[in-house]
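Working notes, beginning with the structure itself.
The values are calculated or read from the model by the stated rules, or taken from the named source; none is laboratory data. On a predicted model such as this, the values are computed, not experimentally measured, just so you know. Note that we place each Cβ from the backbone using ideal geometry, even for glycine, and neighbour counts take in every protein chain shown. Protein only, heavy atoms only, side chains kept; ligands, DNA and RNA dropped before computing areas. Shrake-Rupley method; radii C 1.70, N 1.55, O 1.52, S 1.80 Å.
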Amino acid sequence: MSWIPFKIGQPRKQIVSKTVERDFEREYEKLQKLEEQTKKLHKDMKKSTEADLAMSKAGVKISGDLLGNPLCEQDQAFLESMNALDTAMKRMDAFNQEKVNQIQKTVIDPLKKYSSVFPSLNMAVKRREQALQDYKRLQSKVEKYEEKEKTGPIMVKLHQAREELKPVREDFEAKNKQLLDEMPKFYNSRIDYFQPSFEALIRAQVAYFTEMHKIFTELTDQIDQGGLTDDQRKLENEAKLNELRALSIVADD
């Protein structure tokens, strides 16, 4: 390690004004929050589509199990109802898969691509911070030489320090200006970027639930021939259950 003739601390000269630093921190905090929200939304959308697929697959499994029920061998009406249910579940699953594929392409993938930009942004902020620290270190070095007695050797070192400082200062100022110019533009672009995705999400959901309404309306017409209400069905089930409870094999001792 090279020997340093004095300890370099913080420079007396204000490197960055408090106003500029506050502006920078405010804009970067907004982008940090945007990154966090984008990642969370991406994660939640994936969970949502996985749950959607699991739901429709479970529906197909249930209808398949019901079709395998021995009652279907004995009751033709029950068999026809279960076939209608199984067809509806499979149609639902097919439309659900189509919806999920659409959401993957128009929402989930764009969210992932958007999130991939943030590491580069964060690296640019780190480079700006490193440039600032170098700027402060060299500014402090210049100030230390300026405080010393103006001997020939000191004046030479002061000149060298100022020459060393110049490109570092210009590098920081360029990085600082670029980020202050581009961070607000990046933040404001989020609306134009995401609006098509969210519109596509709404269209996919509308198309899916429109189809579901058709499928289950047809299913209701096929199996609800009795026209009983839910309350009437509940009373009917309770009556049947009471009959079963009256059997000696389930009676209490």
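If you take the charge dipole of the stretch 148-253 about its Cα centre, with +1 on Lys and Arg Cβ and -1 on Asp and Glu Cβ, which of LEU241, THR210, PHE198 is farthest toward its positive end?
PHE198
Rounded to the nearest 20 Debye, what is the dipole magnitude of the stretch 1-119 about its Cα centre when Lys and Arg each give +1 and Asp and Glu each give -1 at the C-beta?
On the way: 21 positive and 18 negative charges, 269 e Å.
Once rounded to the nearest 20, the dipole reads 1300 debye.
Per residue of the stretch 80-86, in order, report the coupling 6.51 cos²θ - 1.76 cosθ + 1.60 (Karplus, θ = phi - 60°) as ³J(HN,Hα) in whole Hz, putting x for Gly and Pro.
5, 5, 5, 5, 5, 5, 4
Using the structure shown, select from LYS18/LYS43; LYS47/LYS234; LYS150/LYS175; LYS39/LYS90; LYS214/LYS234; LYS46/LYS90 the pairs with a Cα to Cα distance greater than 30 angstrom.
LYS18/LYS43; LYS47/LYS234; LYS150/LYS175; LYS39/LYS90, as the Cα separations exceed 30 Å there.
Using θ = phi - 60° and the Karplus relation 6.51 cos²θ - 1.76 cosθ + 1.60, list the HN-Hα couplings for the stretch 128-145 in order, rounded to whole Hz, with x at every Gly or Pro.
Taking θ as phi minus 60°, the curve returns 5, 5, 5, 4, 5, 5, 5, 4, 5, 4, 6, 5, 5, 5, 4, 5, 5, 5 Hz for the stretch 128-145.
Please list, ordered by chain and number, the residues whose modelled amide H lies under 5 Å from the amide H of ASN69; skip anything fewer than 5 residues away on the same chain.
none
Please say if the chain is rounded, prolate or oblate, where rounded means a/c under 1.5 for a ≥ b ≥ c the square roots of the C-alpha gyration tensor eigenvalues, and otherwise the choice is prolate for a/b larger than b/c and oblate otherwise?
prolate
Return the sequence-ordered ³J(HN,Hα) values of the stretch 232-243 in whole Hz as given by the Karplus equation 6.51 cos²θ - 1.76 cosθ + 1.60 applied to θ = phi - 60°, using x for Gly and Pro.
For the stretch 232-243, the Karplus curve yields 5, 5, 4, 5, 5, 5, 5, 5, 5, 5, 5, 4 Hz.
Once the dipole of the stretch 38-124 is set up with Lys and Arg at +1 and Asp and Glu at -1 on Cβ about the Cα centre, which of GLN74, SER56, PHE118 lies farthest towards its positive end?
After comparing all options, I get PHE118.
Kindly sort GLU236, GLU36 by accessible area of their heavy atoms, largest first, with the probe set to 1.4 Å.
GLU36, GLU236
Given Cα pairs under 8 Å that are at least 6 residues apart, what percent is the relative contact order of the chain?
Values: 140 pairs, mean separation 73.2, N = 253.
That works out to 29 percent.
Given a 1.4 Å probe and every protein chain left where it sits, what share in percent of the accessible area of the chain is carbon and sulfur?
Details: 9320 of 17340 Å².
Of the solvent-accessible surface of the chain, carbon and sulfur hold 54 percent.
Loop only by DSSP, 16 or fewer other Cβ within 10 Å of the Cβ. Give me the GluC sites (Glu not before Pro) in the stretch 91-163 that pass, ordered by residue number.
Working: sites: GLU98, GLU129, GLU143, GLU146, GLU147, GLU149, GLU163; in loops: GLU149.
Answer by residue number: GLU149.
Among the trypsin sites (Lys or Arg not before Pro) in the stretch 1-106, which ones are in a DSSP loop with at most 12 other Cβ atoms within 10 Å of the Cβ? Mind listing them?
Working: sites: LYS7, ARG12, LYS13, LYS18, ARG22, ARG26, LYS30, LYS33, LYS39, LYS40, LYS43, LYS46, LYS47, LYS57, LYS61, LYS90, ARG91, LYS99, LYS105; in loops: LYS7, ARG12, LYS13.
Counting only loop positions with at most 12 other Cβ atoms within 10 Å, the trypsin sites (Lys or Arg not before Pro) in the stretch 1-106 are LYS7, ARG12, LYS13.
Quick one: dipole size for the stretch 89-140, taken about the Cα centre, charges +1 on Lys/Arg Cβ and -1 on Asp/Glu Cβ, in debye to the nearest 20.
For the stretch 89-140, the charge dipole is close to 80 debye.
Nothing charged except the Cβ atoms of Lys and Arg (+1) and of Asp and Glu (-1): what's the magnitude of the dipole of the chain about its Cα centre? Round to the nearest 20 debye. Working shown, then result.
Details: 44 positive and 44 negative charges, 594 e Å.
Roughly 2860 debye, rounded to the nearest 20.
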